[in-house]
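Input: a single structure, listed below in structure tokens.
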Amino acid sequence: MQVQALECPKCSKKAVVQRTSDLYLCLSCDFKRDLSKSALSRSDNDLSLMLMTLLTALLIALIII
């Protein structure tokens with residue numbers, strides 16, 4: 001099986017490899033990215049945005065009434 005290394009955003013070397021389905025590591029520097037944590041933070045951001053939109057709509061409704 002051939003492993004394709006990706007370019008590291010930190011050191012720019014083609015040394016990033018996939019260790020697990022969600023974990024990418026650079027073999028040349030200390031860069032690592034856990035994509036499972038990124039998915040959680042995105043859903044948290046979506047929830048925060050939805051709550052802020054709802055609160056804004058309620059405030060506008062109260063001002064109009």
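No lab work stands behind these numbers, since they all come straight from the coordinates. Bear in mind that the values here come from a model prediction, so they are computed numbers and not experimental data. We place every Cβ from the backbone using ideal geometry, glycine too, and count neighbours over all the protein chains shown.
Our coupling estimate for segment 45-50, obtained by passing each phi through the Karplus curve with A = 6.51, B = -1.76, C = 1.60 and θ = phi - 60°, is 5, 5, 5, 4, 5, 5 Hz, Gly and Pro reported as x. Placing a pseudo-label 7 Å from each Cα along the Cα-to-Cβ vector at A15 and L54 gives an inter-label distance of 4.7 nm.
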